[in-house]
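The values are calculated or read from the model by the stated rules, or taken from the named source; none is laboratory data. The structure displayed is predicted, hence computed values, not measured ones. We place every Cβ from the backbone using ideal geometry, glycine too, and count neighbours over all the protein chains shown.
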Amino acid sequence: MADDVQALTARLAADPTSLAFLALAEELRCRGQLAAARAIASGGVARHPHLADGYDVMGRILADQGEGDLAFDAWTTALRLSPEHIGAHKGLAYLAFRSNDLARVLRHLELAAQHDPSDEALVRAVERTRAQVAGGSPSAASPTGTPLGAGGPGTLLVDKQGRRLAGAILHPDGSEVSDTIAAQLAAVAREIARTARLLQLGVWSNLEVEGPDATWSLVAPTQDTILLAADQPGTPPGRLAMTAERAARQAGQWLESLGT
C-alpha cells in the first residue's frame with residue numbers, strides 16, 4: 001500500500017495535471033491521512049474544476065472529517081457536472097442517513113441503482129430502505145435494531161467522532177440518551193484500543209460488560225464506526241453478543257452500499 005502511495009505521488013509530481021490525484025487522494029483517505037488527502041483532492045479539483053470525480057472524492061474526505069455541509073456542497077457540485085454520478089448519489093444518501101432522513105436516502109439510492117443495476121449491494125439497500133419507508137416507524141430508519149425498552153435490545157451506531165449515525169438507546173425511565181452515549185463511545189473505543197495495544201492483545205473486535213443496570217456489547221462494524229447493543233440486566237452476554245454481531249453485519253452492509 002505504501003508503494004501505491006509512492007508511485008501515485010511520483011506520477012502526480014511528474015505531471016501535476018494528471019488524474020492520478022483521484023487515486024492518491026482516495027488511497028490516503030483509506031489510510032486515515034485525511035489532511036493529506038484533502039490537500040491532494042483540493043489541488044486536483046482546482047486543476048480540473050469540471051471533473052465530477054474530483055468533487056466525489058473530496059466529498060468522501062470531507063464527510064470523514066465531519067464536514068457534512070462541505071461534503072454536501074462537493075457532492076451536489078458533482079451531480080451538477082454529472083447528474084448520473086453514482087458516487088455522489090451514494091454520498092448524499094449517506095449524509096441523509098446520518099440525518100435520519102430516510103425518504104431522501106431512498107431517493108438517492110434509487111437514482112444510483114438506476115445507473116448501476118448490477119450493484120447487488122446497492123439494489124439490496126434500495127429494497128431494504130423502501131421497506132423501511134413503507135413501515136413508517138422511526139426505528140425503521142435504523143439498520144441496527146430497536147430502542148432499549150421497545151421490546152428488544154437497543155442498538156446504537158456511531159462514528160469515531162462520537163456522532164450518532166443510527167439506532168437508539170433509552171434510559172430505564174424512558175428518556176432517550178442516544179446522543180449522550182454516542183459522544184462517550186468514541187472515547188471508550190479509543191481507550192479499549194489503547195489497552196489492547198498495551199496488553200499486546202491485537203486489534204479488538206468485541207467487548208461485553210455486565211452491570212447492575214444493563215448488559216452491554218460493543219463491536220466495530222467498520223474501521224470508522226462503533227456499534228453498541230444494550231439490554232436488560234441479566235441478559236446472557238453471549239446472546240447479546242450475537243445480536244450485536246448481527247446488527248454490526250447489517251450496519252456494515254448498509255454503509256458499504258453507500259460507498260463509505
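Checking the condition of a type outside the set (S, T, Y), modelled with pLDDT of 90 or more and either surrounded by 18 or more Cβ atoms within 10 Å (Cβ to Cβ) or on the phi > 0 side of the Ramachandran plot (or both), which residue from A78, A35 passes?
Numbers: A35 fails: either surrounded by 18 or more Cβ atoms within 10 Å (Cβ to Cβ) or on the phi > 0 side of the Ramachandran plot (or both).
Answer to the check: A78.
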State whether one or more residues within the stretch 49-63 are modelled with pLDDT under 90 and out of contact with any helix residue (DSSP H, G or I) (no Cβ under 8 Å at 6 or more places or on another chain). no
All conditions in (1) surrounded by fewer than 19 Cβ atoms within 10 Å (Cβ to Cβ); (2) modelled with pLDDT of 65 or more; (3) in a helix (DSSP H, G or I) are true of P117 except (3)
What do you reckon, is R29 modelled with pLDDT under 90, buried (at least 20 other Cβ atoms within 10 Å of the Cβ) and farther than 19 Å from L165 by Cα? yes
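Looking only at the stretch 221-255, how many residues end up being at pLDDT below 70, touching a helix residue (DSSP H, G or I) at 6+ places or on another chain (Cβ under 9 Å) and surrounded by fewer than 18 Cβ atoms within 10 Å (Cβ to Cβ)? Don't jump to the end; show me each part of the working.
Residues of the stretch 221-255 that are at pLDDT below 70, as a first pass: 237, 254.
Right, trim to touching a helix residue (DSSP H, G or I) at 6+ places or on another chain (Cβ under 9 Å) and you get 254.
Next, from what is left, pick out any that are surrounded by fewer than 18 Cβ atoms within 10 Å (Cβ to Cβ): none.
Of the residues in that region, 0 qualify.
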The stretch 1-89: helices (runs of 4 or more DSSP H) wholly inside it with 1 or more residues that are within 18 Å of the chain's Cα centre (by Cα) and touching a residue at least 24 places away in the same chain (Cβ under 8 Å) are 20-30, 34-47, 52-64, 68-81
